[in-house]
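Encoded as structure tokens, the structure appears first; notes follow it.
The values are calculated or read from the model by the stated rules, or taken from the named source; none is laboratory data. Nothing here was measured: the structure is a model prediction, and the numbers come from that model. Every residue, glycine among them, receives a Cβ derived from its backbone with ideal geometry; neighbour counts consider all protein chains shown.
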Amino acid sequence: MKLRRRLTMVLAGGLAAASIGVAFAAQENSPLAAFPRITGTLSLSPKIAAPQLRKEWVLTLDAGQSAIHWTLDSSLHTVHGTFVLKRGTVRFDPASGVASGEIVVDATSGNSGNDSRDKKMHREVLESAKYSEVVFRPDRVDSSSGPVSAQGAWNVNIHGVFVLHGGEHEMSIPAKGEFTGNHWKGTAKFSVPFIAWGLKNPSNFLLKVNPSVDVELDMTGSLQATSPAK
């Protein structure tokens, strides 16, 4: 009983001393006020870094500075011509390769330098009065050399849908170019099997025309990095 009574008195005395010390330290002129006091709450939650926002590149084509050339071989001669680019914007995620947008060509602008031949091309082959645009809609960009860098040269294959004469055709177009700051330039060369795609064959008993036309697209424009639309 005496031992228990002594322990109780010691514990009570300790608590009383601690209370007095806290009250004394709280006074502005107390010597203990000079010592720093620990305030706030202790958080045991680990710090989690903010997620990095994925960037999407937007390539806008400058129609005034871009050019489209085409070449069609035949048994008599080789025909060279041009088309005019109307507009073009390609959105591209360099991490996944997913792409969107469209490149639009004015079908009525086809010109080979020969009025009678061009009139026949527009009236009988392209039917450009009805199908006034040729469109390419990209959906994927593939690079065999790894992710495309935002600066420097690049070499890719652009997969998408080629819309010609009202028909849609899956196609992969090789392209190469270079990014410099917020500008870019590039070229793409490919063949369009227009006869296999349902357009009229302009051949006759004197003239045999190649079933595919070779196209070269010289492109230039602006480059912008932005957050992808949700």
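Overview of results
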item	result
Qualifying residue in region 201-218 (condition: within 19 Å of Val84 (Cα to Cα), of a type outside the set (Lys, Arg) and under 16 Å from the mean Cα position of the chain (by Cα))	no
Any chance Phe136 is assigned to a strand (DSSP E or B), surrounded by 17 or more Cβ atoms within 10 Å (Cβ to Cβ) and assigned by TED's automatic domain parsing to the domain that holds Ser212	yes
Region 141-158: number of residues that are in contact (Cβ under 8 Å) with a residue 24 or more places away in the chain, in contact with a Lys or Arg (Cβ under 9 Å, 6 or more places away or on another chain) and not in a loop (DSSP other than H, G, I, E, B)	3
Failed criterion for Pro94 (all others in (1) within 20 Å of the chain's Cα centre (by Cα); (2) surrounded by fewer than 17 Cβ atoms within 10 Å (Cβ to Cβ); (3) part of a loop (DSSP other than H, G, I, E, B) hold)	(2)
Qualifying residue in region 213-229 (condition: within 19 Å of Ile103 (Cβ to Cβ), free of Cβ contacts under 8 Å to residues at least 60 places away in the same chain and charged (D, E, K, R))	no
Among the residues listed as Gly198, Gly152, the single one being at positive phi and either in contact with a His (Cβ under 7 Å, 6 or more places away or on another chain) or surrounded by 14 or more Cβ atoms within 10 Å (Cβ to Cβ) (or both)	Gly198
Failed criterion for Pro174 (all others in (1) touching a residue at least 12 places away in the same chain (Cβ under 8 Å); (2) part of a loop (DSSP other than H, G, I, E, B) hold)	(2)
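Here is a yes/no grid of residues against (1) closer than 24 Å to Val213 by Cβ; (2) in contact with a Pro (Cβ under 7 Å, 6 or more places away or on another chain); (3) β-branched (Val, Ile, Thr):
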site	(1), (2), (3)
Asp93	no, yes, no
Asn111	yes, no, no
Arg117	yes, no, no
Asp139	yes, no, no
Val148	no, yes, yes
